[in-house]
Amino acid sequence: MTFFWSSWITILSIMCWAFILGILLMVLKYKPEVEDDGTTGHEYDGIREYDKALPKWWLVIFFGSIIWGVAYWVFFPGIFPSKWAGITTVEVDGKTLPWTSHNELNSELESNNKVFTDNFEKNILAKADASGATKSLASLSEMQATLRRSETPPADLQAKIDEKTAELAPYVEKLAENPNALKVGSRLFLQNCAVCHGSNAKGATGYPNLTDNDWLYGGEASNILTTLHKGRVGGMPAWRDQIGEDGVRAASEYVLSLSSDNGSKSNDELDKTLVTQGSAIFQQNCALCHGKDGKGMISAGAPNLTDNIWLYGGERETVRNTLRYGRAGVMPEWETKLGNERIMLLAAYIYSLSDKPAKATKVLPVNTTAPKAAAPAAVTAS
Ligand code: HEC
Ligand code: HEC
C-alpha cells in the first residue's frame, strides 16, 4: 500500500474514533441547569425534557465499541497499514502469513480444496479401484509446491513433474469407467469448459470437438492430461508473405484435394493444375508439421487434413484464409486453476467421450451422428 493511502486510512480512522469518543465524553460532562420541577425548562409540543443519566447498558455498548475499535487496530492492519500488519495470521501453503483479505481467501480455498481432495481419495479413487494414484498425486503436489516456492527451481524439476503427471494416466482410464467419477467430471466440464467446447463437448469453429476420435494433441489419457495441465497453443504460421497469394491458392487447392473423396466436394470441382502445384508447395513447406501424407502430427498439434474434419472450416475461402493469416487456437492451462484431482476427473470424462474404435466399453452414450466415413485412423506421426 502506498504511503498516501496508508496515511489516508490512518487519519480517517483516528479522526473518526476520536470524534465519537469526544462527543460521548462531552455529553457525559454536560450538566444543564435544572428548574424546580426537575426539567430543563425545554418544552416541545407539550413534552417537557428531564435531565436523566444515559442508560448504563447503552453506555456499556458505546464504550465497548470504542475499545473494540482499538482492539481491531491491534489485530488487523487498520492503522498505519503500511507499517503494521496486525497480529492476526492465516495459514497459506504451509506458511504463517499476516492477515490480508487476499491471504484469508487463499487459506479458505486451501481448506475447501482439502475437503475436496479427501473426498476424491475416499469416495472416488478408492471406489474406482484407483487408490494407487494417491501416492503419485501426493508427490506431484509436493513437487508443484516446491516449484511454486523456489525462485531458482532445480533444472530437472519440471521434467519430474511431467513424469509424475504421466503416472496418473492409467488411473484416469480407470476413472473413465466409473459412473460416479464421470458424473463429477461432466459437472466440472460444464462449469469450466463448456463455454468454449460446448455443453455436449462437440466444439465449434476454432474449438475442437472432443467426442470424435480426431485429436490435435492425441487422445491417450496421458495426452489429455498434458493438454489440461499445461494448455496448448496452436501454431499454424501465416503463409502469404512466404509463398504469395498464388502459392496460397495452390496449396489450398491441394489441401481440399486431400479430403475431397471423404466429403461433399468432388475432385472435379478442383483446379487440377493448382492441385499439382500445391502438392509441391505442401511437401516443401507443410509436410514438416502436417506429415507427408497430410495426416497431421500430434507432436506439432497439426491437424489431419485428410479426414474432412475441420477445426476452422473446409470451405475453399476459409482454407485460404487459414493459409494466408495463420491460426493460433489457445487452450488455457488448468493446473493452477483446478488442481491435479479435478484435472484427473476432467481427463477421465473427456477420455470416456471420445469415440474410440478399438475400445468397446463406453460408459456414456455418445451421439455419433457427426458426418464421418470409415473411422479415421488414429493420428500418427509420420
Ligand atoms: C477459452 C476457451 C477454452 C476453454 C475454456 C477450454 N478450452 Fe479446451 N481447447 C480450446 C482450444 C481453442 C483448443 C484447440 C487448441 C489449438 O487450436 O491448438 C482446445 C483444445 C482442447 C483439447 C485438445 C483436443 C485435441 O484435439 O487434442 C482438449 C482435450 C481440451 N481442449 C479440453 C478442455 C477441457 C477439459 C476444458 C475445461 C477444463 C477446456 N478444454 C476448456 C479452448 C478452450
Ligand atoms: C509449424 C507447423 C505447421 C506448418 C509448417 C504448417 N501448419 Fe498448418 N497447422 C498447424 C497447426 C498447429 C494447425 C492448427 C492450428 C490451431 O490449432 O489453431 C494448423 C492448421 C492448418 C489448417 C486448418 C485445418 C482445419 O481443420 O481447419 C490447414 C488447412 C493447414 N494447417 C494447412 C497448412 C498448409 C497448406 C501448410 C503449408 C503451406 C501448413 N498448414 C503448414 C501447423 C503447421
Name the residues in region 183-242 that are more than 13 Å from ligand 2 (Cβ to nearest atom), touching a helix residue (DSSP H, G or I) at 6+ places or on another chain (Cβ under 6 Å) and not in a loop (DSSP other than H, G, I, E, B), would you? 184, 185, 186, 188, 189, 221, 222, 224, 225, 228, 229
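When you look at residue 271, is it crowded, with 17+ Cβ neighbours inside 10 Å and either over 29 Å from residue 122 (Cβ atoms) or within 15 Å of ligand 2 (Cβ to nearest atom) (or both), yes or no?
no
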Tally of residues being on the phi > 0 side of the Ramachandran plot and either surrounded by fewer than 10 Cβ atoms within 10 Å (Cβ to Cβ) or not in a strand (DSSP E or B) (or both) across region 6-52: 3
Selected residue [at pLDDT below 85, closer than 30 Å to residue 192 by Cα and among the polar types (S, T, N, Q)] from 354, 260: 354
Set 326, 294: member being near ligand 2 (Cβ under 9 Å from one of its atoms) and without any contact (Cβ under 8 Å) to a residue 40 or more places away in the chain: 294
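To keep it simple, each residue is scored yes or no on (1) under 20 Å from residue 11 (Cβ atoms); (2) part of a loop (DSSP other than H, G, I, E, B).
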{"site": "54", "(1), (2)": "no, yes"}
{"site": "61", "(1), (2)": "no, no"}
{"site": "83", "(1), (2)": "yes, yes"}
{"site": "86", "(1), (2)": "yes, yes"}
{"site": "97", "(1), (2)": "no, no"}
{"site": "112", "(1), (2)": "no, no"}
Meets criteria (aromatic (Phe, Trp, Tyr), within 16 Å of ligand 2 (Cβ to nearest atom) and not assigned by TED's automatic domain parsing to the domain that holds residue 346) for residue 254: yes
Subset of region 182-197, residues hydrophobic (A, V, I, L, M, F, W, C) and more than 17 Å from residue 335 (Cα to Cα), comes to 182, 184, 190, 194, 195, 196
Single residue of region 130-161 satisfying the filter (buried (at least 16 other Cβ atoms within 10 Å of the Cβ) and of a type outside the set (Ser, Thr, Tyr)) that is modelled with the lowest pLDDT: 130
Can you name the condition, by its number, that residue 82 falls short on among (1) in contact with a Leu (Cβ under 9 Å, 6 or more places away or on another chain); (2) farther than 30 Å from residue 345 by Cβ; (3) in contact (Cβ under 8 Å) with a residue 60 or more places away in the chain? (1)
Checking the conditions here, which among 221, 250, 204, 238 is away from ligand 1 (no atom under 16 Å from the Cβ) and of a type in the set (A, V, I, L, M, F, W, C)? 250
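The values are calculated or read from the model by the stated rules, or taken from the named source; none is laboratory data. As the structure is a prediction and not an experimental result, all values here were calculated from the model. All Cβ positions, glycine included, derive from the backbone under ideal geometry; neighbour counts span all protein chains shown.
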